[in-house]
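The values are calculated or read from the model by the stated rules, or taken from the named source; none is laboratory data. Just so it is clear, the structure is predicted and the values come from calculations on it, not from any experiment. All Cβ positions, glycine included, derive from the backbone under ideal geometry; neighbour counts span all protein chains shown. Surface accessibility is based on the protein's heavy atoms, side chains included, excluding ligands, DNA and RNA. Shrake-Rupley method; radii C 1.70, N 1.55, O 1.52, S 1.80 Å.
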Amino acid sequence: MTSPSQTATDKSDTPGLASKGLKKEKKGKGGELVGRSPGQLMWARFKRDRTGMICGIVVLAFFVIAALAPVIASLYGKNPYTLYGSDDPNLLDEFGYPMGANGGISGNFWFGIEPSLGRDLFTQLLYGMRTSLGISVAVTILVVITGTILGVTAGYLGGRTDYWLGRVIDFLLAFPSQLTFVAFMPVVVALFVPPGDETPTYIRVIALILVQWALGWMGLARLLRGQVLSLREREFVEAAKITGASPWRIITKELLPNVVTPILVQSTYMLPLFVTAEAGLSFLGVGIMEPTPDWGRLFHTAGMVYENDPTFLLFPGAAMVIFVLCFNLLGDSVRDAFDPKSGR
């Protein structure tokens, strides 16, 4: 039997306990309190971050525009390959520069036209973003998969496996990334194409993905190795071992859910780095080549004509700055949303 004094005590304690749990619980359909998952808590914190939400929308818009580049170009009525300057002699002057003001910006050419060739800059930028973002997303996915598998494996197994994987990581980290990209791109292309033959665009895309993937996974692997080294000694892992759980189950059910946060945060930082790296390779002439539109190749062209047509750099440069800045800010917001001690 419950005494009246105990009942009164329980009732008086209930509001206090409920108020402490309201921050992590919500009411269900029947009015009962339902616990929220870590993902729901993270999303609630992220929605309160205006900077993160705005940057997320901007980044999503970039990907949507890049994916719909053919549709937008069709509605616009132009494509990135036609030499409009050759078709209309009124577009370019005798030196090959746009005759109109601000690089030939007009109602027909929203971002102007390319000097010398007279191609439409707006569609060049659309398709260039599509090329660069597509390559960078593929590299990021491969890097995350490779870094996660090797980092978690090295941290959990330890011993000789950890030692040799650590030495491989140290060896690859000794290569300066940008110089190695430039040096290895022709080597990788030569593996697929005989000397003297023209290199297809898809071969260059594969080479860009392979080179950046081979030299991009080590940082994430080292980070996850350190995380798993600390997690494998925790009580919940030891309890799983005692119950007879296999190493595969321990890794997938106990360890991986606890390293999702660094994986996601690092992914948001890596993708813009791969975008700029791919653009840099194309700018240096070892990435995507003519006539395939590419973000980096637009910068290469702008570097040759900026003295007489500075407007040509405006739109590709502004787009690159906005994308990289918003993605980096998005990464900060995701990190803060996953951190329950964050004050944002």
_Tell me the mean residue ellipticity at 222 nm calculated for the chain from its helices only (DSSP H runs of n ≥ 4, each -39500 (n - 2.57), averaged over every residue, nearest 500)._
-21500 deg cm²/dmol
*asked:* With +1 on the Cβ of every Lys and Arg and -1 on the Cβ of every Asp and Glu, and nothing else charged, how large is the dipole of the range 237-344 about its Cα centre, in debye rounded to the nearest 20?
replied: 600
*What list of whole percents do you get for P(r) of the range 239-336, with Cα-Cα distances grouped in 5 Å bins up to the one holding the largest distance?*
2, 12, 14, 14, 12, 9, 9, 8, 6, 5, 4, 3, 1, 1, 0
*Expressed in nm to one decimal, what extension gain is obtained for the pair Asn308 and Ser74 from 0.36 nm per residue of sequence separation less their Cα-Cα distance?*
81.2 nm
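How big is the equivalent ellipsoid of the range 91-137 along its three axes, where each semi-axis is √(5λ) from the Cα gyration tensor, reported in whole Å from largest to smallest?
25, 11, 6
Classify the range 180-237 from the C-alpha gyration tensor, please: rounded if a/c falls under 1.5, else prolate or oblate depending on whether a/b exceeds b/c.
Prolate, since a/c reaches 1.5 and a/b exceeds b/c.
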*Lys, Arg +1 and Asp, Glu -1 on Cβ, resulting dipole of the chain about Cα centre, debye, nearest 20*: 2140
*Treating the angle as unsigned and between 0 and 90°, give the value, to the nearest 10°, between the Cα long axis of helix 50-67 and the longest Cα principal axis of the chain.*
50
*Dipole of the chain [Lys/Arg +1, Asp/Glu -1 at C-beta], most positive-end residue of Leu271, Val237, Thr161*: Val237
*Between Met99 and Val168, what is the spin-label point distance in nm, taking each point 7 Å from the Cα along the Cα→C-beta axis?*
6.2
*asked:* How much length would be gained if the chain were fully extended between Val324 and Asp87, taking 0.36 nm per residue of separation minus their Cα-Cα distance, in nm to one decimal?
replied: 81.7 nm
*asked:* For the range 59-110, what are Rg and Dmax over the alpha carbons, in angstrom?
replied: 13.8, 42
*List the extent of the Cα atoms of the chain along each of their three principal axes, largest first, rounded to whole Å.*
101, 51, 30
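With all protein chains present, how much of the accessible area of the range 199-344 (probe radius 1.4 Å) comes from carbon and sulfur, to the nearest whole percent?
About 64 percent, which is the carbon plus sulfur part of the accessible surface.
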*Calculate the spin-label point distance for Glu233 paired with Ser246, positioning each point 7 Å from the Cα along the beta-carbon direction, and give it in nanometres.*
2.9
_Output the 0 to 90 degree angle, nearest 10, between the alpha-carbon long axis of helix 121-157 and the longest principal axis computed from the alpha carbons of the chain._
40
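Quick check: convex hull of the Cα atoms in the range 282-344, volume per residue, rounded to a whole Å³?
Details: hull volume 7.2 nm³, N = 63.
With only Cα atoms used, the range 282-344 gives 115 Å³ per residue.
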_Acute angle (nearest 10 degrees) that the helix 159-173 long axis makes with the longest principal axis of the chain, alpha-carbon atoms_ = 30
*Provide, as a two-decimal number, the C-alpha radius of gyration of the range 70-174 over 2.2 N^0.38 Å, N being how many residues it has.*
1.87
*Enter the per residue convex hull volume of the range 95-252, computed from alpha-carbon coordinates, in Å³ rounded to the nearest integer.*
193
*asked:* Taking the solvent-accessible surface of protein heavy atoms with a 1.4 Å probe, what is the per residue accessible area of the chain in Å²?
replied: 55
_At most 12 other C-beta atoms within 10 Å and a DSSP loop state: those are the exposed GluC sites (Glu not before Pro) I care about. Give me the longest piece of the chain that has none._
95-197
*If you keep only loop residues by DSSP, which trypsin sites (Lys or Arg not before Pro) in the range 100-178 have at most 11 other Cβ atoms within 10 Å of their Cβ?*
none
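Mind checking the range 232-267 for trypsin sites (Lys or Arg not before Pro) that DSSP puts in a loop (not H, G, I, E or B) and that have at most 14 other Cβ atoms within 10 Å? Let's see the in-between values first.
Values: sites: Arg232, Arg234, Lys241, Arg249, Lys253; in loops: Arg232, Arg234.
Those satisfying the criteria are Arg234.
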*Label Ser116 and Phe175 with points 7 Å out from Cα along Cα→Cβ: what is the distance between them in nm?*
3.2
